[in-house]
Amino acid sequence: MAMTLPLLLISMLLFCVLFFGIGFILNMLLRMTWLMAFIYPIIALLIISDAKFSEYFTNTSDSFSSLGYNIVHLAPADIMILLSGLLGAILSGLTMRILRAKGYRMF
């Protein structure tokens, strides 16, 4: 099934908002500005991969080779959606820095 343009735009917006919100909450709770931006690539690789998390430790070579195959064969729409999630994670860090610079202590 081909992805239509409205579905792509809604998916990109949802991923951006989702990871912005998660990053914002993590930043408020843990006071680590760029935590979500560092964790997001791991989450994205887990989304892309077909292997279970434990297989990366028990069957390392096969799981990483299948991950590499899945990354190479991603559709452009999937790449755009995942990059919008990364943008949301980065924007949450930038928002926190701006709010802290303006004197909001809870952030």
So T33 ticks every box in (1) buried (at least 17 other Cβ atoms within 10 Å of the Cβ); (2) modelled with pLDDT of 90 or more; (3) more than 30 Å from P6 (Cα to Cα) but one. Which box is left unticked? (2)
Pairs returned, first residue in the range 65-90 that is among the hydroxyl-bearing types (S, T, Y), second residue that is surrounded by 13 or more Cβ atoms within 10 Å (Cβ to Cβ) and part of a helix (DSSP H, G or I), beta-carbon separation under 6 angstrom, 6 or more apart or interchain, are S84/M12; S84/F15; S84/C16
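Residue by residue through the range 18-29, note down the ones that are loosely packed, with under 14 Cβ neighbours inside 10 Å and closer than 17 Å to A44 by Cβ. Quick ask: steps written out before the conclusion?
Just the residues of the range 18-29 that are loosely packed, with under 14 Cβ neighbours inside 10 Å, to begin with: 21, 25, 28-29.
G21, the sole residue that qualifies.
Which of the residues spanning the range 49-107 are among the basic types (K, R) and not in a helix (DSSP H, G or I)? Spell out how you get there, then give the answer.
Here is the first cut: in the range 49-107, the residues among the basic types (K, R) are 52, 97, 100, 102, 105.
Selection gives K52, K102, R105.
The values are calculated or read from the model by the stated rules, or taken from the named source; none is laboratory data. Given the structure is predicted, the values throughout are model-derived calculations rather than measurements. Reconstructed Cβ throughout: ideal geometry from the backbone, glycine too, with neighbour counts over all protein chains shown.
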